[in-house]
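Notes for the one structure printed next.
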């Protein structure tokens, strides 16, 4: 797909504190000349398409710290969901042409096709320093007047106190793979690369976030997976109730939002981080072995480790800020991590955790400390046909 020549339109990003960043419009033209959301920064050097199509970014405007974005175009196979759910994208330099044999479209063309607006030519270094020092904040960008953009930024509620999971979850259940055992995966904003990994372990039935514990247990799963997703875990109480009915009944593995929801189901609390963890190079320490994993992360909220109680053992911590990154439930086949072992994009240091889940399903009540043991992960296959990965 060849992208038609872009008509340069001046645009600006205005934050709620009044900071102004001048640039030019990229992607789709926002309705009324304004797009708004919570502005966060991501530090990945590549994998911009996987980031843009990660449903965990619902409600947010993604600012890439890496200056050159779009140089290898967009490919159908790299979609992580059926479409982008982010509110917009901010870049320093959008590549004029793509150069990769896998490329099927220019990134700008993909953004326009899915109605995603963006602003380029921004001083992303200045923006990142500001967000680092003051925390993620609401913002608005587009071609409207600066005063109108500032008003939109002030009116933007951000991600606190909002159920964004309902916006991204699948409306109906669907099945991937043909293994001998069934794995039920909750879709709180699940990524295709996660489904790919799970499909190597069995037949995966992906269910809506609203599925009850009774509905899931009726499927007689060998294990239940709690996916990543966007927003405030305190606003997904229906999922917390379902998880409460699953722990102790079936092996449970959670990632990211799934980790936070499992924690709340166990009586723990969650809180919002100043600017979140978004990137592919976060060091996490595996406490039992003292080994360090370089991890892919994307979350704004975090589990309060001090609220977990004695029934839970903390297994991993973030070495940048010492926040909770993993836990297991003592005496029960249930564990979770805050980061992304599927690494789409990012390093594969933590992919062994899918092997841990495999061990747990094989022997639910005799696995003991297996989440603390590294093992070779099962081979990955393409669990979803390309036709289900969106259209670039």
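Values quoted throughout were computed directly from the atomic coordinates according to the rules given, and no laboratory measurement underlies them. Worth saying up front: this structure is predicted, and the values here are computed from it rather than measured. All Cβ positions, even for glycine, are placed from backbone atoms using ideal geometry, and neighbour counts span all protein chains on display.
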| Among (i) 24.3; (ii) 17.6; (iii) 20.7, the entry derived from the coordinates for mean projected area of the Cα convex hull in nm² | (ii)
| message | Roughly how far apart, in whole Å, are the Cα centres of the stretch 188-224 and the stretch 124-171? | response | 31 Å
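Of the DSSP beta bridges with both residues in the stretch 10-155, give the percent that are antiparallel, rounding to the nearest 5.
Of all bridge pairs located within the stretch 10-155, approximately 60 percent are antiparallel.
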| query | Once both labels are modelled 7 Å past Cα along the beta-carbon direction, what's the residue 9-residue 288 spacing in nm? | reply | 5.5 nm
| field | Prolate/oblate/rounded label for the stretch 165-386 (Cα gyration tensor, a/c 1.5) | value | rounded
| remark: Cβ density ranking, 10 Å radius, fewest first, applied to 322, 106 yields 322, 106
| request: Just report the Cα centroid separation between the stretch 46-108 and the stretch 230-254, whole Å. | output: 31 Å
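Place the peptides 26-38, 124-136, 254-266, 329-341 in order of packing, highest mean first, counting for every residue the other Cβ atoms within 10 Å and averaging per peptide.
Order by mean packing, descending: 254-266, 329-341, 26-38, 124-136.
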| note | Computed over the Cα atoms of the stretch 10-155, the Rg and Dmax in Å are 14.0, 44
| task | Express as a percent, rounded to the nearest 5, the fraction of DSSP beta bridges in the chain (both residues included) that run antiparallel. | result | 60 percent
| Helix 124-134 vs. the chain, principal-axis angle (Cα, 0 to 90°, nearest 10) | 60 degrees
| query | How much length is gained on full extension from residue 322 to residue 100, taking 0.36 nm per residue of separation minus their Cα-Cα distance? | reply | 76.0 nm
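Report, in deg cm²/dmol and to the nearest 500, the calculated mean residue ellipticity at 222 nm for the chain, where each DSSP H run with n ≥ 4 adds -39500 (n - 2.57) and the sum is divided by the residue count. Intermediate values should be presented prior to the final figure.
Working: 10 runs with 78 residues, N = 392.
One gets -5500 deg cm²/dmol as the mean residue ellipticity at 222 nm.
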| said: Please report the antiparallel percentage of DSSP beta bridges with both residues in the stretch 165-386, rounded to the nearest 5. | reply: 60 percent
| field | Label-point separation in nm, residue 214 to residue 180, each point 7 Å along Cα→Cβ | value | 3.3 nm
